[in-house]
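Read the figures in this text as sums done on the coordinates, not as results from a lab. Everything quoted here is computed from the prediction, not taken from an experiment. Quick reminder, even Gly has a Cβ in these numbers, built from the backbone with ideal geometry, and neighbours come from all protein chains shown.
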Amino acid sequence: MGRPSVTVVIPTFNEEQHIGATLESVRDQSYDGIVEVIVADGRSTDRTREAAVEFTGVRIVDNPARAQSAGLNRAIDAAQGDIIVRVDGHCVIDPDYVERCVEALERTGAAMVGGGMTPAADAVQSSVMQRGIAAAMASRLGAGPARFHVGGRAGWVDTVYLGAFRSDDARAVGGYAEDVGVNEDAEFAIRIGARGGVWFDPDIRSSYVPRSTVATLGKQFYRYGRSRALTSRRHPRTVRMRQLAAPALVLGMLSPRRRQIAAVYAAVVVARAVRQFGEDRGSAASFAAALPVMHFCWGVGFLRGVFLPQRARLHIPDESLNRFRESAEYLGTCPA
């Protein structure tokens, strides 16, 4: 029996600056079973599409909804490969990335496999601020102890960065959620994981270009927190204590003990920034600034997502509702 065929899918919106490097890394893969690369573009207003079609084997799929989840679903519907490897338009995957994904899927029998999220400042246009943000996102204090953030041994986990999975499994569970904001990967992992689990492999490597300003970082983490809350409302049994740390910090700062809590928190941030100073003197200040922005914006977003009335959260398209009815019917047949 031959090796499984692979479709690489990349959702994009205004990724002109990074899509070339991403597609170069896909082009240079050691795995010879990649049959197509699908770029699901959200009608970019820059030259993302023009840059993408310069690469042989790239197919553009239109994504009028402009959401990553919708783009991924359009790509899954169009994919011809046995296995789908999901890649972002601002990351670079190692040359053996696809090969390791396929090997891990076959060896473990998992429904989804993947590696870590490794933030790395832009090699050409990096700034001190971006280096500090990258370091904060890679630290246990900044992003939490999940293995896809901080690394660790191979094993079963809740979710991974990006992910690779069988096309049939993705379609069977209804694809990605189009109504949980930017938490579509983790929410998808919950549902597809019911078909065989999620496997983390530290040898599945890639790098990701993080935000370069505090303002864009704050917006990103607010969206992360709010979207995580939407997923928690749908799957309350999947909530982990680590996900409640930032909301608890926000609530603590509103309590009568806020001065003591602020003092302890500031001491922890300063201590960690001192360590960062020893590793990269120039980025220590931006590292220290990034941590509270990440924590408080994520926490505020999570709390808003928890307490915002259901009807006011998001418009849920009929297509997405149909996908989730199918997914719910499937999960209802799974053993507890």
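Answer with one residue from Gly305, Ala78, Gln17: the one whose Cα lies farthest towards the positive end of the charge dipole of the chain, charges on Cβ with Lys, Arg +1 and Asp, Glu -1. Working it through, the farthest residue towards the positive pole turns out to be Gly305.
For the chain, hydrophobic long helices are taken as DSSP H runs at least 27 Å long by C-alpha position along their axis with mean Kyte-Doolittle hydropathy of 1.0 or more; these are 284-307. Backbone geometry of the range 41-56 corresponds, through the Karplus equation with coefficients 6.51, -1.76 and 1.60 at θ = phi - 60°, to 3J(HN,Hα) couplings of 9, x, 6, 4, 9, 9, 9, 4, 5, 4, 5, 5, 6, 5, 9, 5 Hz, x marking Gly and Pro. Measuring between their Cα centroids, the range 256-299 and the range 173-229 lie 24 Å from each other.
Each of Ala65, Val37, Ala52 was scored by the projection of its Cα onto the charge dipole of the range 21-111, and the greatest displacement toward the positive side belongs to Ala65; charges sit on the C-beta of Lys, Arg, Asp and Glu. Taking the alpha-carbon centroid of each part, what is the distance from the range 53-87 to the range 1-34 in angstrom? With the range 53-87 and the range 1-34 each reduced to a Cα centre, they are spaced 11 Å. Secondary structure note: in the chain, about 40% of the DSSP beta bridges are antiparallel. Per residue, the convex hull spanned by the alpha carbons of the range 29-144 comes to 151 Å³. Would you please give the FRET efficiency between Thr238 and Arg153, computed as 1/(1 + (r/R0)^6) with r the Cβ-Cβ distance and R0 = 35 Å, to the nearest 0.05? According to the calculation, E is roughly 0.95.
Here the 3J(HN,Hα) profile of the range 79-95, calculated from phi with Karplus coefficients 6.51, -1.76 and 1.60 at θ = phi - 60°, is 5, 9, x, 5, 10, 10, 10, 8, 10, 9, x, 10, 10, 10, 9, 5, x Hz, Gly and Pro shown as x. Springs between alpha-carbon atoms under 10 Å, Gaussian network over the chain: tell me which of Arg258, Arg228, Arg59 tops the mean-square fluctuations. So, out of Arg258, Arg228, Arg59, the one fluctuating most is Arg258. Per-residue packing, averaged as other Cβ atoms within 10 Å, sorts the ranges 38-49, 186-197 into the order 186-197, 38-49, beginning with the highest. Residues whose amide H comes within less than 5 Å of that of Arg59, counting only those at least five positions distant or on another chain, are Val37, Ile38, Val39 (H built at 1.01 Å from N in the peptide plane).
Between Ile34 and Val6, the built amide H atoms are under 5 Å apart, and every one of these is 5 or more places off in sequence or on another chain.
Simple point charges give the picture: +1 on the Cβ of Lys and Arg, -1 on the Cβ of Asp and Glu, and for the range 115-247 a dipole about the Cα centre of about 440 debye.
Helices in the chain, meaning DSSP H runs of at least 4 residues, each add -39500 (n - 2.57). Divided by all residues, the mean residue ellipticity at 222 nm is -14500 deg cm²/dmol. Residues Cys91, Cys101, arranged from fewest to most other Cβ atoms within 10 angstrom of their Cβ, appear as Cys91, Cys101. Only Lys, Arg, Asp and Glu carry charge here, each on its Cβ (+1 for the first two, -1 for the last two); on that basis the chain has a dipole of about 2080 debye about its Cα centre.
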